[in-house]
Amino acid sequence: MKITDIKTFLVDCFRTNWAFVKVYTDEGITGVGEATLEYKEKSLVGAVEHIKEALVGKNPLQIEKLYQDTYRDSYWRCGPVLQSALSAVEIALWDILGKHLGVPVYQLLGGKVNDQVRIYVNAWFAGAKTPEQFGEKARIAVQRGVTAMKWDPFGKSYLEISNQDMDTALRCVAAVREAVGDKVDLLIEGHGRFNVPTGIKIAKELEQFKPMLFEEPVPPDNLEALKAVRDKSPVAISAGERLYNLKQFKDLFEMRAADYIQPDVSHAGGIMELKKIAAMADTYYIPFAPHNPSGPVANAATLQLAACCSNFSILEIMYSDVPWRADVTNEKLHYENGFITIPDGPGLGIEINEEECLKHPYQPHTLRHYTGALTDIRPPESKFYF
């Protein structure tokens, strides 16, 4: 079997563009991956083209060799754009191998240890501005079956936070906790926005609400800063969505800088690299909770990892999405009591519809993490999954 072509499909999904990558072979078997890298999609297309030049004519079943050769020959060591492109191609190669052998990807990685995985939702709060509105949105989400939810309550604060903005954020968290009770887990997003003393201050204030974790309290550039917050935080700290390979996670583990790790299958090297990251985390008894606010193909790949990683903890997923999500793939997910069942189809168990993808072409988007509150991120006409 030989690789004959690699194509990228950019699909507008309101807040960003999904970046699907499809690998074609001379035996008619195709594989899909996803490299959704927010606001860098045009660069991503070029990176996939560079990888295509190196891989056409190669055996797609030699996944580890192709990955290592491509990574090794990247002189700049695969910065986030090229690494995301490589991640998507790697995912697609696993899809091809699974289809070739007629088994789901998780079976090729040791088989199931989990039949289902617990989820937490993102974007359940769209449109909320006040603590009272956040509480009402949370109450509706729980009525839909949500058992864990994440959001960023910190508005426009960056590096430091005023007493007034801190009070507003804490009232927001308090309103949500009061609305959902003690049986629902709260995950507080920091978006890498604070300096060390502010991150510590916020973590201490959050303790009263018993959050499951405080995510990315400081920028991702300095793991020592993350460790400084974690060492003084009374709540669990999570990080890792903006680390791009096993070696960066090795440093995080050795420094004991986080309590949960959150690598993204679309950015940190693909399925095998995340399997290795999870295995290394397991030696430190650190839970594996991947970053996953992207599209249906990334979700399908992450579910394969959820099936076969013994330290898998909880999976991020969007609370709702654009209505055409159901058209661009054949995604079929089963939700029940806060869990998703692991699908058993060959490969990733998902296909993209190329014609439908082309009906929703690339659109420029900018999401303001630090200059605007992250509340209006659900499209006006969205499909709920709960």
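The values are calculated or read from the model by the stated rules, or taken from the named source; none is laboratory data. Just so we're clear, the structure is a prediction, and the values are computed from it rather than from any experiment. So basically every Cβ, Gly included, is an ideal-geometry build from the backbone, and we count neighbours across all protein chains shown. Areas reflect the complete protein model, heavy atoms only, side chains present, ligands, DNA and RNA absent. Shrake-Rupley method; radii C 1.70, N 1.55, O 1.52, S 1.80 Å.
What to note about this one:
- Verdict on G135 being part of a loop (DSSP other than H, G, I, E, B), in contact (Cβ under 8 Å) with a residue 40 or more places away in the chain and open to solvent by less than 20 Å² (accessible area, probe 1.4 Å): no
- Residues of the range 314-323 include none that is open to solvent by 20 Å² or more (accessible area, probe 1.4 Å), modelled with pLDDT of 95 or more and over 23 Å from G127 (Cβ atoms).
- Counting only helices (runs of 4 or more DSSP H) that sit wholly inside the range 247-341, those with at least 1 residues that are of a type in the set (V, I, T), more than 30 Å from E355 (Cα to Cα) and under 17 Å from the mean Cα position of the chain (by Cα) are 271-283.
- Sub-6 Å Cβ pairs linking a first residue in the range 211-224 that is touching a residue at least 24 places away in the same chain (Cβ under 8 Å) to a second residue that is part of a loop (DSSP other than H, G, I, E, B) and small (G, A, S), at least 6 apart or interchain, are L213/A236; E215/G190; E216/G190; E216/G192; P217/G190; P219/G192; P220/G192; L223/A257, ordered by first then second residue.
- With respect to (1) more than 22 Å from S320 (Cα to Cα); (2) touching a Lys or Arg at 6+ places or on another chain (Cβ under 9 Å), the lone exception for E189 is condition (1).
- Among the residues listed as N245, N222, the single one being of a type outside the set (S, T, Y), at pLDDT below 95, farther than 24 Å from V180 by Cβ and open to solvent by 10 Å² or more (accessible area, probe 1.4 Å): N245
- Consider the range 149-159 and keep the residues that are touching a Lys or Arg at 6+ places or on another chain (Cβ under 7 Å) and open to solvent by less than 30 Å² (accessible area, probe 1.4 Å). The one that is farthest from N292 (Cα to Cα) is S157.
- Of all residues in the range 160-189 being outside any helix (DSSP H, G or I) and touching a helix residue (DSSP H, G or I) at 6+ places or on another chain (Cβ under 7 Å), the one that is surrounded by the fewest Cβ atoms within 10 Å (Cβ to Cβ): E160
- Of all the numbered requirements in (1) hydroxyl-bearing (S, T, Y); (2) touching a residue at least 40 places away in the same chain (Cβ under 8 Å); (3) open to solvent by 10 Å² or more (accessible area, probe 1.4 Å); (4) out of contact with any Ser or Thr (no Cβ under 8 Å at 6 or more places or on another chain), Y260 misses one, and that requirement is (4).
- When K210, K201 are checked against the criterion of being more than 24 Å from the chain's Cα centre (by Cα) and either of a type outside the set (S, T, Y) or modelled with pLDDT of 95 or more (or both), K201 stands alone in meeting it.
- Wholly within the range 1-114, strands (runs of 3 or more DSSP E) carrying at least 2 residues that are open to solvent by 50 Å² or more (accessible area, probe 1.4 Å): 3-12
- Any hit, the range 228-241, residues being within 19 Å of V81 (Cβ to Cβ), assigned to a loop (DSSP other than H, G, I, E, B) and at pLDDT 95 or above: yes
- Qualifying residue in the range 209-224 (condition: of a type in the set (D, E, K, R), in a loop (DSSP other than H, G, I, E, B) and in contact with a strand residue (DSSP E or B) (Cβ under 6 Å, 6 or more places away or on another chain)): yes
- Selected residue (criterion: farthest from the chain's Cα centre (by Cα)) from residues of the range 115-132 that are charged (D, E, K, R) and outside any loop (DSSP other than H, G, I, E, B): E132
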